[in-house]
1. Among residues belonging to region 90-134 that are of a type outside the set (Gly, Ala, Ser) and touching a residue at least 60 places away in the same chain (Cβ under 8 Å), point out the one that is farthest from Glu63 (Cα to Cα).
2. Against the definition (in contact with a helix residue (DSSP H, G or I) (Cβ under 9 Å, 6 or more places away or on another chain) and hydroxyl-bearing (Ser, Thr, Tyr)), how does Tyr127 come out, yes or no?
3. Return the total of residues in region 12-62 being farther than 18 Å from Ile101 by Cβ and part of a helix (DSSP H, G or I).
4. Quick test for you: out of Gly114, Gly69, Gly73, pick the one residue that is at pLDDT 95 or above and closer than 18 Å to Leu30 by Cβ.
Amino acid sequence: MLITGINQDSMQVRLLENGPDYVKALEVLLQLRNNYNLDTLSAQVQKQQQNGFQVAYVKLRDEVIAVAGFCIGEKLAWGKYMYIDDLITNSAYRSRGAGKILLDWLKEHARENGCVQLHLDSGVQRYPAHRFYLCNGFNIASHHFSLLEL
């Protein structure tokens, strides 16, 4: 279902809590993290929340249309920072402004919490996401290296 003519003023950003939007937000997150199912994703989110992980989401009427997982921390290299683990707009609502609203909210939330930097990683194949981040002021600042099997 593609919605056109969305009034961005009617979009609200909220922090996820257990309640009526919880499953809806996880269902959107599953569009990015499809290696989980609803139960395993919920368990993982709850586990990470014990270490400061939070989930913000954009709500339009009764729909959750964008979701971001993030945490705040400190590193010698960055000082106090916000790291965005996941940022996804529901596929039925892409290019309607929800991602920008959520990203702007994340920037402001980071400032309000004393963060001096905002970071995220994006898979090398995610070209539309890269365009979005670059258009919203992000720089490609480093290469991320990983060992997938230890």
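1. Restricting to residues being of a type outside the set (Gly, Ala, Ser) and touching a residue at least 60 places away in the same chain (Cβ under 8 Å), the top hit is Trp105.
2. It is false that Tyr127 is in contact with a helix residue (DSSP H, G or I) (Cβ under 9 Å, 6 or more places away or on another chain) and hydroxyl-bearing (Ser, Thr, Tyr).
3. 16
4. Gly69
The values are calculated or read from the model by the stated rules, or taken from the named source; none is laboratory data. Computed from a predicted structure; not experimentally measured. Virtual Cβ from ideal backbone geometry, glycine too; neighbours counted across all protein chains shown.
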